[in-house]
Amino acid sequence: MHSSVSAVLTVPGPEESAPGGGDASPQLRTITPDGSVLMLVSARAAAVRAARLARGDELTAVMEITDVAPVSVPQRIRGRAWIVGWLTAVPEEEREEATRLLAAENPWGAPSGSDHELLRLEVGEAAVDDLWGAEQVEPDELAEAAPDPLVRHEAELLQHLAASHPEQIGSLASLVCTEGSDCEPADLQASAVPLALDRHGLRVRFCRTGRCFDARFEFPEPVASVRELRTAMHELLRAARG
């Protein structure tokens, strides 16, 4: 189970019904080894018609990606990213390899048939605005970035922590309310919700008196698997118990 991440592909145009206008929601997407964005889109989408008509000409497109927390928490949007580049239809001779790359990212494989079209977005520029801050991302940085080893499991793990271990997550308030701070752990424990998880640590959202804030708890060492995560979480909770 993945977090609620959605993507919208837009080809700027005067109106949605025009060949060069309208939005599309890619059903699958992945980053290719050369840093392009490969996606599977409904063949009926205006973006597909525009890419076919462009026939290799530079057709500008924008993909907006929205990441929503997979748990119930105030202000659920965790981040947004934008990729601007040039859109083309994947040539026939490259479709087999493109399908293989998409299928590798999807446990059910990549749909096939005339009702879908393979598109490629060559990245010109990218930007991200998330829990860690806002910044520009260079195309070569996007190409070289490796997925976090917990990304496939993050949503399920966060939901499990929120539903089955609320007291343990609440105990992390003791690490927030240190000596000299203006809060008491008891004020925060009941409101603690695990918000984000990656190889470096856990982010928890605390709310009190109508105000919410995030606290980041770093692991001693980056984890490379769910098995290593269990050990890191035990150490973190042990520190919270004092």
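The values are calculated or read from the model by the stated rules, or taken from the named source; none is laboratory data. From a predicted model like this one, the values you see are computed outputs, not experimental measurements. We place every Cβ from the backbone using ideal geometry, glycine too, and count neighbours over all the protein chains shown. Accessible surface is based on the protein model in full, side chains and every heavy atom, while ligands, DNA and RNA are left aside. Shrake-Rupley method; radii C 1.70, N 1.55, O 1.52, S 1.80 Å.
If we scan region 188-196, do we find a residue that is assigned to a helix (DSSP H, G or I) and crowded, with 18+ Cβ neighbours inside 10 Å? Yes, the conditions are met somewhere in region 188-196. Counting only residues that are among the polar types (S, T, N, Q) and surrounded by 13 or more Cβ atoms within 10 Å (Cβ to Cβ), region 124-169 holds 2 of them. The single condition among (1) touching a Ser or Thr at 6+ places or on another chain (Cβ under 9 Å); (2) closer than 30 Å to F206 by Cα; (3) open to solvent by 40 Å² or more (accessible area, probe 1.4 Å) that W86 does not meet is (2).
Here P220 fulfils each of the conditions (1) open to solvent by less than 30 Å² (accessible area, probe 1.4 Å); (2) in contact with an Asp or Glu (Cβ under 7 Å, 6 or more places away or on another chain) apart from (1).
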